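Here the structure comes first, spelled out in structure tokens, and everything after it is commentary.
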Amino acid sequence: MTINDTTSSNLIELVNQVDPDSKTAPPGNRRRVKRKTWQTVVWFVVLLALTAIVLYPLVWLLFSTFKPNSEFGTNMGFLPNAPTIDNYVKVMEGIAGVPMWRFFLNSLIIAVGSVIGTVLSSALAAYAFARIQFKGLGILFAAMIGTLLLPFHVVIIPQYIIFNQLDMIDTFWPLLLPKFLATEAFFVFLLVQFIRQMPRDMDEAARIDGAGHLRIFWSIIIPLIRPALITCAIFAFIWAWNDFLGPLLYLTSPENYPLPIALRLYNDQTSSSDYGATVTASFIALLPVLLFFLVFQRFLVDGVATQGLKG
């Protein structure tokens, strides 16, 4: 054996000791590498199957928008036998004398107004609970958390009586005004936990410089809890966009209906139902929520931990 062969053999042994999973590893280590690869493939297949199950309703809904009304109940597959765009034409024309864009506008007003009111009022209430010491703080905070145990149906009648006396029925005020009064205890509790994790040194330093509660809240707290605020905004938008019971109670005119109530107009129990238009309108109503979630989904992960406290 020459010197070069001896050197090569020593190098191979050294590599095997440093990296057992290398190509020169013994057969036992090779089997372990293959087993890890096999497990990865299995997990990939399982996740792919779960993704297909989750996306199945959405894909079926998309292809069903091109089915004529006669195929519903007979063709349960994905692809329509006779594709058509008549459903989209019907939906864009509107129903009950109201165009579809008006339903979209109503839903957008309610959703955007709910997001602004919920985020602003919840942040202010959370700052008060987390940073201001006052008498009855613990009692008020416990009472606020206790409202999470009350179902919406308990307060329907009292709220309806109040808004009826204020002559606000068939307007957007009953749906938007409570959002500006920090009535969403879930969001207040979420923001309180974020603010409590922040050190008070920044507040004290700002107070020494002459800043008040409003300046501290706007210049220090708001930038630090931005991921949590965006998380609240995402859920507030989705909940307001999909809300059915609230608009059903307070809105009586078709021109004020949002999309969830407008979908009901396509299915009348006293006459024939237009399933094609219903499916198409449902898919169109789903698109804004889907796009909104895709754009801001990364903030849901960022909202798990407070950002801006590094360094």
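The values are calculated or read from the model by the stated rules, or taken from the named source; none is laboratory data. Predicted, not measured: the structure shown is a model, and the values here were computed from it. FYI the Cβ positions are ideal-geometry reconstructions off the backbone, even for glycines, and counts take in every protein chain you see. Surface areas here come from the heavy atoms of the whole protein model, side chains and all, with no ligands, DNA or RNA. Shrake-Rupley method; radii C 1.70, N 1.55, O 1.52, S 1.80 Å.
What is the gain in length, in nm to one decimal, between Ala82 and Leu287 on full extension, counting 0.36 nm per residue of separation less the C-alpha to C-alpha distance?
Stretched fully, the Ala82-Leu287 segment lengthens by 71.4 nm.
In the full protein context, the range 197-261 carries 49 Å² of accessible surface per residue, based on a 1.4 Å probe and ignoring ligands, DNA and RNA. Once the Cβ-Cβ distance of Ile116 and Thr37 is raised to the sixth power relative to R0 = 45 Å, the FRET efficiency obtained is 0.35. Let's test the formula: R0 of 25 Å, r as the Cβ-Cβ distance of Val155 and Asn267. What FRET efficiency results, to the nearest 0.05? Taking R0 as 25 Å, the efficiency between Val155 and Asn267 is 0.30. Expressed as a whole percent, the accessible surface of the range 111-269 that belongs to carbon and sulfur atoms is 67, based on a 1.4 Å probe. Each peptide in 85-98, 142-155 was scored by the mean count of other Cβ atoms within 10 Å over its residues; highest first, the order is 85-98, 142-155.
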